[in-house]
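The values are calculated or read from the model by the stated rules, or taken from the named source; none is laboratory data. Computed from a predicted model, the values in this text were never measured in an experiment. Using ideal geometry, Cβ is built from the backbone for each residue, glycine included, and neighbour counts are taken over all protein chains shown.
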Amino acid sequence: MCDSCEQLRINGIVCHELGCPDAWRDTTRECNWCGQEFLPDDSWQKQCSHTCAVAWACLACDCEECNPQE
């Protein structure tokens, strides 16, 4: 499961030990912009995509993902 902790088995389900620094990897989050459930790539990630992060921060972005060219 992870190299940061010892695996535990609770009721037959493999899980992280209490206090594992990588336990966030197994938890889905709700995007605080669009509400979609997602698995984060980083522990601090609050939006599901770059587009949602830009919109949430009220920023202007001219990247290809935010402004696809026809």
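In the stretch 39-54, is there at least one residue being closer than 25 Å to residue 13 by Cβ and either at pLDDT 95 or above or among the aliphatic types (A, V, I, L, M) (or both)? Within the stretch 39-54, one or more residues are closer than 25 Å to residue 13 by Cβ and either at pLDDT 95 or above or among the aliphatic types (A, V, I, L, M) (or both).
Across the stretch 50-70, what is the number of residues that are in contact (Cβ under 8 Å) with a residue 12 or more places away in the chain and within 16 Å of residue 33 (Cα to Cα)?
8
Identify the residue in the stretch 15-70 that is of a type in the set (Gly, Ala, Ser) and surrounded by 12 or more Cβ atoms within 10 Å (Cβ to Cβ) and, among all such residues, is farthest from residue 3 (Cα to Cα). Among residues in the stretch 15-70 that are of a type in the set (Gly, Ala, Ser) and surrounded by 12 or more Cβ atoms within 10 Å (Cβ to Cβ), the one farthest from residue 3 (Cα to Cα) is 55.
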